[in-house]
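Rule-based calculations on the coordinates, nothing more; no lab input. The shown structure was predicted, so the numbers you read here are calculated from the model rather than taken from an experiment. Ideal geometry is used to build each Cβ from the backbone, glycine not excepted, and the neighbour counts take in all protein chains shown.
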Amino acid sequence: MSQRPPISPRSPRAALEPEQVPPPPKRSERARNPFVIVGNAIITVILVFMIGAGGVYVYGKKMLESAGPLTQDKTVNIPPRSKTREIAETLQREGVIDVNPWLFMGAAFALKASSELKPGEYSFQKSASLRDVIGIIVEGKVVQHSVTIPEGLTSEQIVARLTDNEIFSGNVREIPREGTLLPETYKFPRGTSREQAIQRMQQTHKRILAEIWERRNPEIPVKSPEQLVTLASIIEKETGKADERSRVAAVFVNRLRQKMRLQSDPTIIYGLVGGKGTLGRPIKRSEIQQPSPYNTYVIDGLPPGPIANPGRASLEAAANPARTRDLFFVADGTGGHTFTETYDQHQKNVVKLRALEKQIQNDTVEPPAEEAQPAAADPPADTNPTATTTKPAPAPKRPVRAAPPAPGRQGAAQPRTTPPVVQR
């Protein structure tokens, strides 16, 4: 029987510990390969980048798609030559966006719009997102302002209107030739130069005139498009009623065929004041026969050029007048005109007009106030101080005319041998 070595007593803790600690396992040769180490690092970096990119994508999409701070539609003007950061600052200052300029620049870069942002005046809708804001600017959806040029203005008057309108920029170098601008309602973005506006009106005039000239009645005694514009300008100044233009045109065409003078009052005015357009007072008798290249009471046929810029309707009327034998017209007292074929009928209509005007004046004249009679005795004192004992005299009423012919539209064509029928 073998003898065991004596057991030396140990502490309880020592008794629990193993007598020999096993060595750590050796790393495999593959794990220690530098390519594996580098590969693991690359994979780790890629994973971190993907997670970060995903977070940025989610945040960026939310930033782009979230409703903006605008509580109502707003128009903002981005000054010319503004850079991306300046555009962002303008939008932030106007309350269109609520992100800082750097985030706006980042969003524009992400949308590949950094080089496509255009200055101008833009209208942004309520709660417009950042994507919507950038899209509107990139597409150049600038605000279009309606500008109405009334028919019958001279070129000088049209230039004055453009000069007074603050949406335009620049100056007009030269007053356009009379009758080369088409009155109409146009739309222009803010900042359009006044020269560009005039060029657009001229181009529109050329296009419309060419179309109307092609559709004209070949029997009218007008030899060129320029003469058509001249005739249309007289028609434009003679009547403001759409349903009368073709009949007024017929009167002048009939007179041209019969070699009668047109005798149109607006031509007298243009001969006196030119492009200013308005005389500011009635025509004097002495001015009716005053020599002028435009005074159709003195010259035969059409004047040398237009006396205003006629609209499309007057051009159409001049090219295709009504088929009538009328040679005269006079105001009817209601804003329109009465047309006749003979001078005798015309004179009767003039008499009716004068009688109507006289009656209207008599009906609107206030009777003279009666003189106050002297009181026999002093009136008793007013015992009610809050009551009015006498009413103040009413303000005199202004005479009301029964729609007399408008200034510049009074011309009533007549034979050359007869005196003017319109009293001045």
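Quote the charge dipole size of segment 144-323 about the Cα centre in Debye, to the nearest 20; the model charges only the Cβ of Lys and Arg (+1) and of Asp and Glu (-1).
240
Hey, if you put +1 on the Cβ of every Lys and Arg and -1 on every Asp and Glu Cβ in segment 144-323, which of P183, T163, I235 ends up farthest toward the positive end of that dipole?
Going by the charge dipole, the pick is I235.
Sorted by packing (mean other beta-carbon atoms within 10 Å per residue), highest first, where do 71-84, 91-104 land?
Those peptides, ordered most packed to least, come out 91-104, 71-84.
Using +1 on the beta carbon of Lys and Arg, -1 on that of Asp and Glu, and nothing else charged, what's the dipole of segment 74-139 about the Cα centre, debye to 20?
In debye, rounded to 20, segment 74-139 gives about 80.
Going by a ≥ b ≥ c, the root eigenvalues of the Cα gyration tensor, does segment 74-139 fall in the rounded group (a/c under 1.5), the prolate group (a/b larger than b/c) or the oblate group?
Rounded, because the longest to shortest axis ratio a/c is under 1.5.
Let a ≥ b ≥ c be the square roots of the eigenvalues of the Cα gyration tensor of segment 144-323; is it rounded (a/c under 1.5), or, if not, prolate (a/b larger than b/c) or oblate?
oblate
Could you give the length gained on full extension between L111 and D98, defined as 0.36 nm per residue of separation minus the Cα-Cα distance, in nm?
The span from L111 to D98 would gain 2.9 nm if fully extended.
For labels at Y343 and V48 in the simple 7 Å Cα→Cβ model, what's the distance in nm?
10.8
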